[in-house]
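The values are calculated or read from the model by the stated rules, or taken from the named source; none is laboratory data. Being a predicted model, the structure only gives us computed values, none of them experimental. Counting neighbours? That spans all protein chains shown, and the Cβs are built from the backbone with ideal geometry, glycine included. The accessibility values were calculated without ligands, DNA or RNA, using every heavy atom of the protein model including side chains. Shrake-Rupley method; radii C 1.70, N 1.55, O 1.52, S 1.80 Å.
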Amino acid sequence: KGVIIKNQDEGTNDRPYGHALVAGIDRYPRKVTKRMSKKKIKKRSKVKTFVRVLNYNHLMPTRYSVDVPVDKAIVNKEAIRDAAGRRKARREVKGKFEERYKSGKNKWFFQKLRF
């Protein structure tokens, strides 16, 4: 599952098709129970994220929406061109997603998409 950070409906010179910058979850947090220790809960609550430019044809929109305030200065198309910028952008998104997960909002977003 992912969130669109910036969309480009008309396309650009290097990508002449509609596309979007998407931030999403690669590895979902694992199940947590009451009897687990704080250390184990902390380890299981980690999220692996991705930041990628995707063609609209490869996206499936839903009625759901998640409002995650991501810093657009760090997460943008120019930043993810090189490896260091991509790493920084992924770290920014990971922090925001984990913060949202721990707050308990949007529980459906942090569960694997089963279809």
Legend entry - Carbon plus sulfur fraction of accessible area for the chain, probe 1.4 Å, in percent: 49
Legend entry - Area of LYS40 that stays accessible when all protein chains are in place (1.4 Å probe, Å², to 10): 100
Legend entry - Within a Gaussian network of the chain (alpha carbon springs, distance under 10 Å), most fluctuating of LYS105, LYS77, LYS34: LYS34
Inset, instruction - Rounded to whole Å and sorted largest first, list the principal axis extents of the Cα atoms in the chain. - result: 55, 33, 20
Legend entry - Kirkwood hydrodynamic radius of region 63-115, Cα pairs, Å: 12.4
Inset, instruction - Name the most mobile residue of ASN76, ASN55, ASN13, meaning the one with the largest mean-square fluctuation, in a Gaussian network model of the chain with Cα contacts below 10 Å. - result: ASN13
Legend entry - Under the Karplus curve 6.51 cos²θ - 1.76 cosθ + 1.60, θ = phi - 60°, whole-Hz ³J(HN,Hα) for region 7-12, x wherever Gly or Pro sits: 10, 10, 5, 7, x, 10
Inset, instruction - Please determine, in degrees from 0 to 90 and to the nearest 10, the orientation of helix 83-103 with respect to the longest principal axis defined by the Cα atoms of the chain, where the helix direction is its Cα long axis. - result: 40
Legend entry - Surface per residue (accessible, 1.4 Å probe) for region 35-113, Å²: 77
Inset, instruction - Note down the magnitude of the dipole of region 1-69 about its Cα centre, charges +1 on Lys and Arg C-beta and -1 on Asp and Glu C-beta and zero elsewhere, to the nearest 20 debye. - result: 1340
